[in-house]
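The values are calculated or read from the model by the stated rules, or taken from the named source; none is laboratory data. Because the structure is a prediction, the values reported are computed rather than measured. Positions of Cβ are backbone-derived with ideal geometry, glycine not excepted, and every protein chain shown enters the neighbour counts.
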Amino acid sequence: MSSTKGKADQPDAAPAALPETVAEFLTYLSAQKGYSQATLDGYAADLAQFEHWLAGRSLTLAAPQALTRDHVRGFLAELHRGRSAKSSMGRKLSTLRGFFKRQLQRKRLVIDPMAGVKNPKAERRGPRALNADEAVALVSPAAGTDAADGSVEACRDLALAELLYGSGLRVSEALGLDLDDVDVSQGIVRVLGKGSKERIAPLSDASRARLKEYQRRRGELAPELTEKALFLGARGGRLNRRQAGRIIDALAKEAGLARHTHPHMLRHSFATHMLESGADLRSVQELLGHAHLTTTTRYTHLDLARIMRVYDKAHPRSDESDSS
C-alpha cells in the first residue's frame, strides 16, 4: 500500500523506527482483525512516515497523549504541499484513525487527535475496465500465440484469467484458493475475502471448462502433489501476485490490447459488464464481496456516454426520441 512515486507520498523520505505502540497496533490488526500481510505492510509504512514527520518536531507515536488534531492537520498539509493524491491522503488518515482508536481503547489517550479531521474530497473517478471485446479477446487467445500453445502454463494462465473475469475475484482471492475450494461440477468456488469473510462465487461456463482442463493437468507443475494451492508457479509452489500480474499483462499484449493490463482490471471489467447488462447493484455487491454498497456504486459512473445514448433514445422528452 505504500507508494514510491516520489515526494507526493513522502514528505520525509527517511525511514523511522516503529515504537511499541505501533507494533502492538499491527499485532492487534493481524491477530484480532485478520488483516493480510499486504495491508499490515501498508499500515506500517503510513505510520512510519507519520512517525518520521513527528520526529522532526520532537514528537513520537510512542507518546500519543502528546499529539493533537493540529499535528494531524500539519501532516496533512505537508502531504498537500507534496501534491500527494487525495486517495493516498485518505488512506493515511484512515490508518491514523485506526491507530488512535486503538490507543483510546488502551487508555493511552483521552482526546482523539482525529476528531474533526475529514478526508480530502476524493476525485470522482471510476475504476479502469476493459470493454467487453477486449475482455473476451484476452481470455480467448488466437491460434499461434503463446497462450494457445497447449502447454500446462498456458492452460493455467487462461484458467486464472477466466476466473478473474468470469467471477470477479480479487487476485489475492484467486491466488489464495486451494484445490478443495473449487467445485467445478457444481459451478461454484469458495472464496476467502477481505477480513477473512467467506463467500460463494459462481463459475461461468467458460471458467468451468478452463478449470477442469487445468485441474486435469495441474500435476505437471507439481509432481509431488503435496501443494494444496490451486494455481501453481513453475517451481510447484503457490503462484504469487507478481507472477499473476505478468501473466495477465502478457495475455493482454497477445490479444493486441495497447494498454497495460493488470489482474484487478478484470475484476473491474466483471462488475462493469454485469451492471451494463442489467444486473442489480445489490447482487453485484454480493458477487464482489463488498462490505458496503457505496464501494460498488463506483461502477455505476463508468460509462456516462452510454447512459446518455440510452437516455436520448428512450426518454420521451429527448429530441432523438421524438425523431425516431
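All conditions in (1) within 21 Å of the chain's Cα centre (by Cα); (2) surrounded by 16 or more Cβ atoms within 10 Å (Cβ to Cβ); (3) of a type in the set (D, E, K, R); (4) closer than 21 Å to Leu257 by Cα hold for Arg128, with the sole exception of (2). May I ask you to list the residues in region 16-49 that are of a type in the set (Ser, Thr, Tyr) and either closer than 22 Å to Ser87 by Cβ or under 20 Å from the mean Cα position of the chain (by Cα) (or both)? Ser30, Tyr35, Ser36, Thr39, Tyr43 - these are the residues of region 16-49 that are of a type in the set (Ser, Thr, Tyr) and either closer than 22 Å to Ser87 by Cβ or under 20 Å from the mean Cα position of the chain (by Cα) (or both).
If we scan region 86-97, do we find a residue that is touching a residue at least 40 places away in the same chain (Cβ under 8 Å) and surrounded by fewer than 17 Cβ atoms within 10 Å (Cβ to Cβ)? Please lay out each step first, then the result.
Taking region 86-97 first, the residues touching a residue at least 40 places away in the same chain (Cβ under 8 Å) are 88, 91-92, 95-96.
Keeping just the survivors that are surrounded by fewer than 17 Cβ atoms within 10 Å (Cβ to Cβ) gives none.
Within region 86-97, not a single residue is touching a residue at least 40 places away in the same chain (Cβ under 8 Å) and surrounded by fewer than 17 Cβ atoms within 10 Å (Cβ to Cβ).
Residues of region 215-235 that are touching a residue at least 60 places away in the same chain (Cβ under 8 Å) and part of a helix (DSSP H, G or I): Arg217, Arg218, Glu220. Residues in region 168-202 that are modelled with pLDDT of 90 or more and either outside any helix (DSSP H, G or I) or touching a strand residue (DSSP E or B) at 6+ places or on another chain (Cβ under 6 Å) (or both): 15 in all. Among residues of region 1-46 being among the aromatic types (Phe, Trp, Tyr) and at pLDDT 90 or above, the one that is nearest to Ser172 (Cα to Cα) is Tyr43.
A residue that is acidic (Asp, Glu), crowded, with 16+ Cβ neighbours inside 10 Å and either in contact with a Ser or Thr (Cβ under 6 Å, 6 or more places away or on another chain) or in a loop (DSSP other than H, G, I, E, B) (or both) can be found somewhere in region 42-56. Of all residues in region 137-166 being at pLDDT below 90 and part of a helix (DSSP H, G or I), which is nearest to Leu203 (Cα to Cα)? Selected residue: Gly166. Within region 265-283, the set of residues being part of a helix (DSSP H, G or I) and among the aliphatic types (A, V, I, L, M) comprises Met265, Leu266, Ala271, Met274, Leu275, Leu281.
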